[in-house]
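The values are calculated or read from the model by the stated rules, or taken from the named source; none is laboratory data. All of these numbers come straight from a predicted model, not from anything done at the bench. Neighbour counts are summed over all protein chains in view; Cβ atoms, including those assigned to glycine, are modelled from backbone coordinates with ideal geometry. To get the accessible areas, we keep the full protein, side chains included, count just its heavy atoms, and leave off ligands, DNA and RNA. Shrake-Rupley method; radii C 1.70, N 1.55, O 1.52, S 1.80 Å.
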Amino acid sequence: MRRSIAVLLLTLIGAPAFAQRLPVSVRPDHYTLAFDVDLANKRFEGTETIRVRLTQPASRIVLHALDLDFHEVTIRSGGTTQTARVVLDKTTETASLLVPKAVNAGSADIDIRYGGALNPALRGFYLSKANGRNYAVTQFESTDARRAFPSFDEPAMKATFDISLTIDRGDTAISNGRLISDTPGPGDARHTLKFATTPKMSSYLVAMAVGDFECIEGASEEVPLRVCATPGKRELGRLALEMAGQILTFYNRYYDIKYPFGKLDMVAIPDFAAGAMENTAAIFYRESDLLADASTASLTTRKNIATVIAHEMAHQWFGDLVTMRWWDDLWLNEGFASWMESKPLAAAHPEWHLDIEDARSSQEALALDALSTTRPIHSNAETPAEIEETFDVIAYQKGAAVLRMIENYVGRDDFRRGANAYLAKHAYGNATSEDFWTAIAAASRKPVDRILSSFVNQPGAPLVMVALACDSSGHMLGLTAQRFSLDASRMPAAAHWQIPICRKYSNILGVSCTEMRTDVVTLPGSSCPSWVFVNAGAEGYYRTAYSSEMLRALAPDVEARLTPPERLSLAGDEWALVRAGRHSVADYLTLIRGYGAEPFAGVLAEVVQRLDTIRTQLAAEAERPGVEAVVRALFSPAFKDLGLSSPPGDSDDRRALRAVIVDALANIGNDAPALAAARRRVDDALSGGEPLDRDMADTLLRAAAKHGDAVLFDKLVQAAEKAKTPEEYYQYLGALADFEDPVVIDRGLNRLMTGEIRKQDAAWYLRRVLAHPNAGVNARAWTFMKTHWTELQPQLSISFADAGIVASLSSFCDAATRDDIKTFFAANPRPAAARALEQTIERINGCISFREKQGPALREWLAREPTR
């Protein structure tokens with residue numbers, strides 16, 4: 001599953017507090033599923049046969065079921081048919097099938113007739129709406145197949161599936177298998193579609209979509225490809241179809257096992273809680289993550305669509321072909337797909353600089369791992385709420401970062417051999433973390449098992465402190481590792497890592513790598529370098545700390561000798577040390593003055609983000625003009641060079657850099673000319689003038705909304721309603737959350753109550769306002785949410801919502817709001833956001849401490865440093 005820019009791990013459906021794993025004495029082999037879908041009445045009826053194997057006699061068979069109406073259940077075995085009594089347990093989401101006489105060990109068939117509602121919660125078999133009509137679609141990960149059919153709804157309970165759907169005559173259906181028959185009836189107004197038997201797979205990967213979908217077709221590597229959407233949007237799938245073909249070709253070269261599922265459908269769903277879902281051979285997407293106008297799409301949208309497609313297609317091997325045995329190893333799905341997604345794109349588009357994106361992703365994971373409330377990659381998860389919590393930065397970004405580090409350590413060829421051996425051994429089955437690192441260790445003949453187990457099975461990340469000493473015989477490089485924490489007073493229990501360390505030296509070309517097996521290591525050398533950079537390639541998953549002397553020696557060589565990912569890593573690590581109180585914000589500000597001429601947007605965006613934090617969280621009201629002046633002095637020269645418009649033939653690099661520079665000047669530097677120019681450009685576009693440059697639209701709209709009024713708000717609402725592409729729609733909708741005028745803020749929030757904002761976007765919109773850097777804006781949103789909590793539930797009750805809403809409250813930096821948040825969620829508990837709440841409280845406490853520790857240093861630096 002892919003998290004999108006519109007949904008970053010959201011969960012607001014009150015998930016049950018308890019669940020259980022099913023007995024292993026009964027396992028499914030095959031499901032025959034027939035659905036009669038009544039879109040008009042928002043219901044479905046199901047007829048199901050499950051062929052199971054029993055390892056011992058049983059008079060009670062337990063499977064999963066939730067919100068289903070059982071009509072009749074029989075169990076056939078050994079020529080005997082028994083009617084089963086059904087006992088439902090909503091707490092454990094199970095149905096117990098009880099028969100008078102024990103079913104013998106061996107094969108048995110369970111026949112079930114049942115029914116259910118197409119629910120509005122965007123999970124299970126649910127109702128979607130578009131073009132004034134109903135659609136029926138599925139979203140089963142992680143534990144929601146049980147809402148559509150009684151099932152053994154656990155990843156290790158793999159089986160094959162035969163699926164048929166009886167639907168309205170004018171509609172079609174899409175599922176995992178290829179369509180093998182389309183039969184009229186029953187009745188003149190219906191027809192029945194039957195799909196080919198699926199390969200052996202987990203229940204959460206079953207997919208169904210019913211409606212008037214229209215598709216465009218293609219092929220790659222002799223695999224039929226389709227992109228499907230609702231009427232009027234089919235042609236917006238051309239870009240995705242082309243990208244999918246290229247990505248499939250790459251994967252078929254990388255993997256020894258060719259794409260194994262015969263065909264691949266990619267379907268844009270009108271209402272979808274996640275970004276995308278990797279259903280076997282039938283991937284479902286949010287429209288914004290699949291559809292775009294190829295002639296006008298921005299670079300950001302192109303990269304996003306390509307990345308999401310690559311992520312979901314990678315899952316067809318890592319996740320679908322080989323599936324984690326249980327949810328505690330979710331990273332074997334999501335970390336792998338997040339690691340793999342950049343490979344085909346980097347090969348096709350080196351100009352996208354995806355190594356910088358990977359480095360930023362690692363920084364995000366390291367930031368979370370600096371909290372005492374982080375978790376290990378491999379974490380216990382038993383209940384549906386606990387399972388939902390594992391879909392986080394640790395599973396995705398940290399999982400990917402650790403894989404990049406291991407790949408860099410053992411070498412790409414050995415890593416590839418090990419990954420392919422892992423897939424071959426566990427194809428159509430399940431695997432664990434141990435299975436993976438055993439395969440890589442065998443292929444590379446390196447101690448990957450020791451290294452990976454230290455990063456997978458314990459929380460946090462190491463800080464490697466670097467010391468360099470020289471004498472007449474050469475140098476001694478001293479490395480000391482300890483767990484990095486933002487709060488020394490809450491230092492977690494000691495942890496020890498086996499760390500691959502790759503180094504580059506001031507006076508030596510090339511890179512040297514070794515394994516840091518103990519917490520203190522001394523490495524001798526024959527020469528005396530002026531500096532050593534110990535995370536060459538920015539591939540290591542650890543923080544680094546250098547002495548002031550070494551940073552001064554490194555500074556003149558940063559641009560010439562460090563790659564863009566290394567520069568990003570250096571700035572990110574120094575910022576983390578400032579947040580932890582180990583280094584001064586004054587030193588950081590002095591360091592980043594050298595980034596004003598940084599040519600890569602991805603690197604500069606990291607610095608800009610930290611400057612925004614300094615302005616909004618660290619600087620007192622009286623000091624903010626000083627910080628804004630620093631930002632203007634830092635970026636005005638680049639703005640003069642780049643301007644506000646993209647001339648013909650402008651490179652992607654310059655276009656991306658322009659957006660970052662203008663955003664920094666207007667929204668952080670509060671630069672009056674930039675703000676005024678942005679407002680003029682937006683007003684002209686909204687009045688029928690030249691359309692906004694798609695690569696600049698987000699930046700310009702945000703700048704215009706900063707001091708925008710009700711007139712502009714109304715124009716943006718109208719523009720969103722008339723938007724012709726998902727990209728355009730979300731640019732306008734997102735801008736509605738950027739206003740700072742109290743009256744306009746309230747108007748935007750009230751649209752959540754009226755349903756003017758689609759259910760799939762409601763939590764995203766609320767999060768965006770709650771996370772606004774302006775303290776007045778987020779405080780107003782927090783008051784609104786508390787006041788209208790009950791009324792908001794129908795709009796927010798979708799899969800993947802709680803954790804994101806709770807995490808957005810990390811924008812606060814005061815004790816009173818922190819305590820209010822704790823009190824509110826004590827009275828309104830959200831089980832799927834329990835860890836997110838702990839992390840939010842810790843982040844707020846960290847912000848308060850950051851302000852206390854670094855505030856004086858900022859004031860002193862602003863007083864003594866001239867604005868240049």
Practice problem: Express the relative contact order of segment 791-868 as a whole percentage, based on alpha carbon pairs under 8 Å and six or more residues apart in sequence. | Solution: 38
Quiz item: Put +1 on the Cβ of each Lys and Arg and -1 on the Cβ of each Asp and Glu in segment 293-374; which of 301, 361, 317 then has its Cα farthest toward the positive end of the dipole?
Solution: 301
Practice problem: Mind putting a number on the dipole of segment 423-474 about its Cα centre? Charges go on the C-beta only, +1 for Lys and Arg and -1 for Asp and Glu, and I need it in Debye to the nearest 20. | Solution: 160
Quiz prompt | Crossing angle, helix 412-426 versus the chain [Cα axis fit, 0-90 degrees, rounded to tens] | solution = 20
Quiz item: What FRET efficiency do you get for residue 53 and residue 181 if R0 is 22 Å and r is their Cβ-Cβ distance, rounded to the nearest 0.05?
Solution: 0.15
Self-check item: Dipole axis of the chain (+1 Lys, Arg; -1 Asp, Glu on Cβ), positive-most option in 554, 783, 808
Solution: 554
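Can you compute the charge dipole magnitude of segment 328-417 about its Cα centre, using +1 on each Lys and Arg Cβ and -1 on each Asp and Glu Cβ, nothing else charged? Give it in debye, rounded to the nearest 20.
Computed about the Cα centre, the dipole is about 380 debye.
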Practice problem: Could you pull out every one of the lysines with an alpha carbon less than 23 Å from that of residue 759, ignoring same-chain neighbours closer than 8 positions? | Solution: 42, 129, 233, 715, 722, 724, 786
Exercise. Grab the other residues whose beta carbon is less than 13 angstrom from that of residue 430, score K and R as +1, D and E as -1, and report the net.
Key: -1
Practice problem: Enumerate cysteines in the chain without a disulfide-compatible partner, where compatibility requires another Cys Cβ under 4.7 angstrom. | Solution: none
Quiz item: Of all trypsin sites (Lys or Arg not before Pro) in segment 130-171, which ones are in loop regions per DSSP and have a Cβ with at most 15 other Cβ atoms within 10 Å?
Solution: 169
Quiz prompt | Per residue, in Å², the accessible surface of the chain once ligands and nucleic acids are set aside, probe 1.4 Å | solution = 36
Practice problem: Could you tell me which of the pairs 706/853; 303/822; 200/343; 90/303 are separated by over 32 angstrom between their Cα atoms in the structure shown? | Solution: 303/822; 90/303
Quiz item: Between 676, 627, 55, whose Cα lies farthest towards the positive end of the dipole of the chain when Lys and Arg beta carbons carry +1 and Asp and Glu beta carbons carry -1, centred on the Cα centre?
Solution: 55
Quiz prompt | Centre separation in Å (Cα based) which lies between segment 558-578 and segment 403-426 | solution = 28
Quiz item: Relative contact order for segment 428-520: what is it in percent, counting Cα pairs under 8 Å that are at least 6 residues apart?
Solution: 20
Quiz item: At a Förster distance of 25 Å, what's the computed FRET efficiency of residue 133 paired with residue 294, Cβ-Cβ distance as r, to 0.05?
Solution: 0.35
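So what's the back-of-envelope 222 nm ellipticity for the chain, counting only DSSP H runs of four-plus at -39500 (n - 2.57) apiece and dividing by all residues, rounded to 500?
Only helices count here, giving -12500 deg cm²/dmol.
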Quiz prompt | Theoretical gain in end-to-end length, residue 820 to residue 467 [0.36 nm per residue, Cα-Cα removed] | solution = 122.6 nm
Practice problem: Tabulate in residue order the Karplus-calculated ³J(HN,Hα) for segment 452-467, using 6.51 cos²θ - 1.76 cosθ + 1.60 with θ = phi - 60°, rounded to whole Hz; enter x for Gly and Pro. | Solution: 5, 4, 6, 8, 8, 9, 9, x, x, 9, x, 10, 9, 8, 10, 10
Quiz item: To the nearest 0.05, what FRET efficiency results for residue 347 and residue 515 with a Förster distance of 30 Å applied to their C-beta separation?
Solution: 0.55
Exercise. Report the extension gain between residue 793 and residue 424 in nm, rounded to one decimal, defined as 0.36 nm multiplied by the number of residues separating them, less their alpha carbon distance.
Key: 128.3 nm
Exercise. Determine the distance separating the Cα centre of segment 245-316 from the Cα centre of segment 153-178; give it in Å without decimals.
Key: 20
Quiz item: What is the list of residues in segment 460-496 whose amide nitrogen lies under 17 Å from a point 7 angstrom out from the Cα of residue 526, following Cα to Cβ?
Solution: 471-477
Quiz prompt | Protection-proxy order for peptides 217-227, 578-588, 269-279, each taking the mean of Cβ atoms within 10 Å per residue, highest first | solution = 269-279, 578-588, 217-227
Quiz item: What percentage of the solvent-accessible surface of the chain, computed with a 1.4 Å probe over protein heavy atoms, is contributed by carbon and sulfur atoms?
Solution: 51
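Relative contact order (percent) for the chain, with alpha-carbon contacts under 8 angstrom and 6 or more residues of separation?
11
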Quiz prompt | In segment 318-427, the GluC sites (Glu not before Pro) that fall in loop regions by DSSP, at most 16 other Cβ within 10 Å | solution = 382
Quiz prompt | Cα centre as origin, Lys/Arg/Asp/Glu Cβ charges: the chain dipole, Debye | solution = 880
Practice problem: Could you tell me what percent of the DSSP beta bridges with both partners in the chain are antiparallel, to the nearest 5? | Solution: 80
Quiz item: Between residue 653 and residue 848, what is the label-to-label distance in nm when each label sits 7 Å out along the Cα-to-Cβ direction?
Solution: 4.6
Quiz item: Sorted by packing (mean other beta-carbon atoms within 10 Å per residue), highest first, where do 451-459, 428-436, 318-326 land?
Solution: 318-326, 451-459, 428-436
Quiz item: Ranked highest first by average number of other Cβ atoms within 10 Å, how do 118-124, 682-688 line up?
Solution: 118-124, 682-688
Quiz item: Which angle between 0 and 90 degrees, to the nearest 10, do you get for helix 331-340 versus the longest principal axis of the chain when only C-alpha atoms count?
Solution: 60
Quiz item: In degrees, nearest 10, range 0 to 90: what is the angle between the Cα axis of helix 299-315 and the longest Cα principal axis of the chain?
Solution: 50
